[in-house]
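S.K.: The structure under discussion is supplied below as structure tokens; questions concerning it will follow.
The values are calculated or read from the model by the stated rules, or taken from the named source; none is laboratory data. Note that this is a predicted model, so its numbers are computed, not measured. Ideal geometry is used to build each Cβ from the backbone, glycine not excepted, and the neighbour counts take in all protein chains shown.
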Amino acid sequence: METILAKWEGLAASSGIVRFLDINLRGIGQVMFQNNPLTGILFLAAIGWASYAAGVPRVVIAGVLAVVVANLTAQWLNADRESLHAGLYGYNGVLVGLALATFLAPNALMWIYVVLGAAVSVIAMLGTVNALKPWGVSSLTFPFVLTTWLLLLATYGFSGLVGAALPAGNVVVAFHPYEASPLKLIDLLQGVLQSVSQVFLKANGVAALLLLVGLAVNSLSAAAFALAGAIVAVLTAHLFGAESELITGGLLGFSPVLTAIALGAVFYRPSWRVAIYAMLGTLVTVIAQAALNVALTPLAIPALTAPFVFVTWIFLLPRQCFEPAAADDAETVRTS
């Protein structure tokens with residue numbers, strides 16, 4: 001594997017086209033903190049399969065378009081070359097593209113929105129990185145969340161864009177819990193797999209397996225924490241009596257999966273103390289997910305990965321409690 005990657009890197013160093021392809025693949029991989037083009041290929045295959053299976057091939061096309069636009073924008077803005085080559089300006093863009101194509105009805109304006117959102121995500125990324133430098137934490141997917149929230153909210157003021165798949169907006173009411181029943185193994189498995197695949201806004205078991213393989217290719221610990229985070233999320237949501245469809249659909253688990261990877265395998269040097277800390281953060285992210293789902297109900301927009309961002313920031317601020325995995329630079333550490 002190392003030989004293949006070394007040859008690929010040599011080819012990228014000698015060809016501008018291959019280098020740009022490499023940057024885009026790494027950008028897709030960086031959605032789950034992996035600086036590896038092979039991981040990016042497997043992630044792209046997962047997105048493509050899930051989009052095809054759901055009958056919405058436009059979603060994967062929008063994701064590819066967005067990551068390309070984001071990286072071209074980063075080059076145009078003369079963004080840091082090392083970060084660019086690590087794919088750090090593309091991961092927010094690809095998520096913006098996937099989200100917009102998922103939540104909005106397809107038309108010409110939607111594609112303009114995808115291009116615009118991808119470009120703005122880079123500007124938001126650069127600004128967020130500068131703003132967070134004194135705190136020593138990464139921007140994570142905050143640029144994606146902020147950009148997508150603004151774009152989705154704006155659709156309610158435009159007649160040319162329709163949020164066909166956006167959540168219905170209404171007054172918040174108390175959730176009347178169902179009578180708790182034992183969690184069936186098949187429901188647990190479905191919830192765990194779809195928690196992983198929903199990181200890319202997909203509910204597909206095959207895609208989840210491809211994502212886990214993609215993680216393992218670059219980092220076995222990242223794959224292990226992703227799986228553990230999904231299990232903890234499903235069990236926690238069931239314990240607290242969340243809606244069963246949200247649990248089995250992975251809609252309460254995708255942010256916890258990212259939190260588990262970030263805290264357990266990326267920002268801190270792995271240890272038993274870190275593993276317990278990461279699982280605590282994962283549990284809190286489930287609660288934050290439910291809280292933001294409720295808080296955003298009147299606005300009729302999805303929480304996206306905001307719960308992951310806010311909880312991970314909180315759990316990264318007490319940095320003196322654990323040994324960091326790499327240099328304190330908030331962005332280079334993302335490349336693990």
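S.K.: Six or more apart or on different chains, Cβ atoms under 6 Å: show the pairs whose first residue is in the stretch 1-17 and surrounded by 10 or more Cβ atoms within 10 Å (Cβ to Cβ) and whose second is of a type in the set (Asp, Glu) and modelled with pLDDT of 85 or more.
M.R.: Matching pairs, first to second residue: 12/22.
S.K.: If I go through the stretch 39-83 residue by residue, how many of them are part of a loop (DSSP other than H, G, I, E, B) and among the charged types (D, E, K, R)?
M.R.: Here the count works out to 1.
S.K.: Take the stretch 116-135 and flag every residue that is closer than 26 Å to residue 165 by Cβ and surrounded by fewer than 20 Cβ atoms within 10 Å (Cβ to Cβ).
M.R.: 116
S.K.: Looking at this structure, is residue 29 small (Gly, Ala, Ser), part of a helix (DSSP H, G or I), outside the structural domain of residue 210 (by TED's automatic domain parsing) and touching a Pro at 6+ places or on another chain (Cβ under 8 Å)?
M.R.: Yes, satisfied.
S.K.: Would you point out which residue out of 79, 74, 12, 86 is farther than 28 Å from residue 165 by Cα, in contact with a His (Cβ under 9 Å, 6 or more places away or on another chain) and aliphatic (A, V, I, L, M)?
M.R.: Answer to the selection: 12.
S.K.: Checking residue 6 against (1) in contact with a helix residue (DSSP H, G or I) (Cβ under 9 Å, 6 or more places away or on another chain); (2) more than 30 Å from residue 160 (Cα to Cα); (3) in a helix (DSSP H, G or I), which test does it fail?
M.R.: (1)
S.K.: Tally time: how many residues in the stretch 60-94 are farther than 9 Å from residue 24 by Cα and of a type in the set (Val, Ile, Thr)?
M.R.: Matching residues across the stretch 60-94 total 5.
S.K.: Here is a further query. Exactly one of these conditions fails for residue 262: (1) free of Cβ contacts under 8 Å to residues at least 12 places away in the same chain; (2) buried (at least 24 other Cβ atoms within 10 Å of the Cβ). Give me its number.
M.R.: Condition (1) is where residue 262 drops out.
A quick yes/no check of all residues on (1) surrounded by fewer than 21 Cβ atoms within 10 Å (Cβ to Cβ); (2) modelled with pLDDT under 95; (3) out of contact with any Asp or Glu (no Cβ under 8 Å at 6 or more places or on another chain):
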{"site": "220", "(1), (2), (3)": "yes, no, yes"}
{"site": "244", "(1), (2), (3)": "yes, yes, no"}
{"site": "250", "(1), (2), (3)": "no, no, yes"}
{"site": "258", "(1), (2), (3)": "no, no, yes"}
{"site": "269", "(1), (2), (3)": "yes, yes, no"}
{"site": "278", "(1), (2), (3)": "no, no, yes"}
{"site": "282", "(1), (2), (3)": "no, no, yes"}
{"site": "286", "(1), (2), (3)": "no, no, yes"}
{"site": "324", "(1), (2), (3)": "yes, yes, yes"}
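S.K.: Among the listed residues 88, 95, which satisfies the condition of being under 18 Å from the mean Cα position of the chain (by Cα), under 14 Å from residue 125 (Cα atoms) and outside any helix (DSSP H, G or I)?
M.R.: Criteria check complete, one pass: 88.
S.K.: In the stretch 135-171, what residues are assigned to a loop (DSSP other than H, G, I, E, B) and within 28 Å of residue 266 (Cβ to Cβ)?
M.R.: 136, 137, 138, 139, 140, 141
S.K.: Considering only residues that are outside any helix (DSSP H, G or I) and not hydrophobic (A, V, I, L, M, F, W, C), look in the stretch 100-115 and name the one that is farthest from the chain's Cα centre (by Cα).
M.R.: Residue satisfying both the conditions and the ranking: 107.
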